[in-house]
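This is the structure, below, for whatever I ask next.
The values are calculated or read from the model by the stated rules, or taken from the named source; none is laboratory data. What you see is a predicted model, and the numbers here were worked out from it, not measured in a lab. Here the Cβ positions follow ideal geometry from the backbone for every residue, glycine too, while neighbour counts run over all protein chains shown.
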Amino acid sequence: MSDATPALPLEDLLNAVSTQLERAQSALNFRSQTAGLNFAVKDFAMDMRAVIDIESAEVRVRPALPGEAGVSTLRIGFTTVTRPMLEEHAVEFEAEEPAIAEAVDGLSEEEARRLEWIGVRNLADMQKVKAKGGQHEMRRLSRLPSDRLKQALKVADQRVVNSVSGISLDPGQVQALDPAARHRLKITGRNLTRQGALRGVTVNGAPAEVLELRDDAVTIATPGPVLSGALSLDWEEGAPDTLAFDLHQEGRA
């Protein structure tokens, strides 16, 4: 490796090793179904002589050259995890939430990384911190300038409508419902209950019944099946939110 070889972020090294270990585990699982399995990998450890550098608040590493000075030794260990451990530490995936750097204009990569270090990966995480009164602690730990943090918090407080999806009901539920409530749509978003009451929802110009309103979702019933069109949410405060949707790939409404 030459001196010109760039160093890699530390997480890239760990992700590369863990991905290869997962491939090895998959091969062992496949072998157990074909030729049988006589052993398993329980722990894996490696020592790596590396040069460690910090660039823009990011730790970077590269393998050391022979005889190179200022070399450190990275000792990396992997061990098995159980299903209860995975379930205990699992974080619910928020598919509609963009990364914090994408959601807040003017946020530098370093500032976004500092927020990610303390667990603020997107606007939903920022809202959770604010709800607990942790703005001061977030600013202190991330070392984010006051004006930049205020800007991010303002964006996090804005009402956002993200997507529309169909809700499937089993035949027993459908028969028990009034015909007008048998076709349902779910509208997902953020801050849907914090900036004025919802006065009504229309789908392709026709009124829809609001069955449930939460801060992150609205469930509505339409008079008949609707697979595409335009949906509008009318609020007491602010302009209506309009969203085009197409559920043909879902095949239901």
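Over 24 Å from Thr242 (Cβ atoms) and at pLDDT 75 or above - does that describe any residue in the stretch 173-185?
Within the stretch 173-185, not a single residue is over 24 Å from Thr242 (Cβ atoms) and at pLDDT 75 or above.
Given the conditions (1) of a type in the set (D, E, K, R); (2) farther than 30 Å from Leu144 by Cβ; (3) out of contact with any strand residue (DSSP E or B) (no Cβ under 7 Å at 6 or more places or on another chain), report the number of the one that Asp43 does not fulfil.
Status for Asp43: all satisfied but (3).
Under the condition of being in a loop (DSSP other than H, G, I, E, B) and modelled with pLDDT of 85 or more, which residue from the stretch 194-207 is nearest to Pro225 (Cα to Cα)? Before you say what the answer is, go through the steps one by one.
So in the stretch 194-207, the residues in a loop (DSSP other than H, G, I, E, B) come out as 194-197, 204-205.
Still in the running and modelled with pLDDT of 85 or more: 197, 204-205.
Working: Ala197: 26, Asn204: 12, Gly205: 14 Å.
Across the stretch 194-207, the extreme among qualifying residues is Asn204.
Identify, please: which residue in the stretch 102-133 is in contact with an Asp or Glu (Cβ under 9 Å, 6 or more places away or on another chain), of a type in the set (Gly, Ala, Ser) and under 16 Å from Gln158 (Cα atoms) and is, among those, surrounded by the fewest Cβ atoms within 10 Å (Cβ to Cβ)?
Taking the candidates together, the pick is Ala124.
Another question about this same structure. Is it the case that Arg139 is modelled with pLDDT of 85 or more, in the same structural domain as Asn15 (by TED's automatic domain parsing) and of a type in the set (D, E, K, R)?
Working: modelled with pLDDT of 85 or more: yes; in the same structural domain as Asn15 (by TED's automatic domain parsing): no; of a type in the set (D, E, K, R): yes.
Against the criterion (modelled with pLDDT of 85 or more, in the same structural domain as Asn15 (by TED's automatic domain parsing) and of a type in the set (D, E, K, R)), Arg139 does not qualify.
Quick grid of which residues meet (1) of a type in the set (A, V, I, L, M); (2) modelled with pLDDT under 80; (3) in the same structural domain as Ala152 (by TED's automatic domain parsing):
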| site | (1), (2), (3) |
| --- | --- |
| Val61 | yes, no, no |
| Glu68 | no, no, no |
| Gly77 | no, no, no |
| Val81 | yes, yes, no |
| Glu111 | no, no, yes |
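Are there any pairs with C-beta distances below 7 angstrom linking a residue in the stretch 137-150 that is at negative phi to a residue that is among the β-branched types (Val, Ile, Thr), with the two at least 6 apart or on different chains, and if so which?
Met138/Ile118; Met138/Val120; Met138/Val129; Leu141/Ile118; Ser142/Ile118
Okay, moving on. Looking at the stretch 208-243 only, could you name the residues that are assigned to a loop (DSSP other than H, G, I, E, B) and at positive phi? First the steps, then the outcome.
So the first thing to find is which residues in the stretch 208-243 are assigned to a loop (DSSP other than H, G, I, E, B), and the list is 214-216, 223-227, 236-240.
Selection gives Gly238 alone.
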